[in-house]
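Student: One structure coming up, written as structure tokens, with questions to follow.
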Amino acid sequence: AQPQFPLSEEQQAKFRDLLAGKFRDEIASSSVLTLADAPGPDVLKLKIRVQDIAANLQRAGVGNAGRASIALKAQGRGTLVLELRDSQSEETLAKAAESLSAQGVAILQNEGAVTSWSEVEKTCASWAKAARQGVEALISS
């Protein structure tokens, strides 16, 4: 079996903050959409959920002699689920899901896996951009 390294509470919070930040940045960059901080007429609510997250780590090589670290090849996948709702009635107007995967590198040390967040950031940015474009297309039609 491949090693599994569950995300710590801190890593989960970092992922949530990263994903929310990428979505805020993407919507703020839109010439069609405007961020709102309260429900109201003509205000949509975007609900974001990531599910079916899985990560596999495979040994990619061994560090220098005398070091307690191992290079790992990290592969992760998850499903992004978006729901577009009327902000006042909470009625679901549209729902979409997309599965994506990311690859990167992790280093296994005595305390556990230490990963680079660069691929996670790219995936979150890609999800946010696709969602913004989809919502813009939906409200423009």
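Student: Out of (1) open to solvent by 100 Å² or more (accessible area, probe 1.4 Å); (2) modelled with pLDDT of 85 or more; (3) in a loop (DSSP other than H, G, I, E, B), what's the single condition that is false for Asp25?
Tutor: (3)
Student: Given the condition outside any strand (DSSP E or B) and modelled with pLDDT of 60 or more, answer yes or no: does some residue in the stretch 91-112 qualify?
Tutor: Step one: filter the stretch 91-112 for residues outside any strand (DSSP E or B), giving 91, 110-111.
Narrowing the set further to residues that are modelled with pLDDT of 60 or more leaves 91.
Yes - at least one qualifying residue is present in the stretch 91-112.
Student: In the stretch 120-141, what residues are open to solvent by 50 Å² or more (accessible area, probe 1.4 Å) and touching a residue at least 40 places away in the same chain (Cβ under 8 Å)? Write out each step before concluding.
Tutor: Filtering the stretch 120-141 for residues open to solvent by 50 Å² or more (accessible area, probe 1.4 Å) gives 121-122, 126, 129, 133, 137-141.
Result: Glu121, Lys129, Leu138, Ile139, Ser140.
The values are calculated or read from the model by the stated rules, or taken from the named source; none is laboratory data. Keep in mind that what you see is a predicted model, and the values were worked out from it rather than measured. Glycine also receives a Cβ, built like all others from the backbone with ideal geometry; neighbour counts cover every protein chain displayed. With ligands, DNA and RNA removed, areas are computed over all heavy atoms of the protein, side chains included. Shrake-Rupley method; radii C 1.70, N 1.55, O 1.52, S 1.80 Å.
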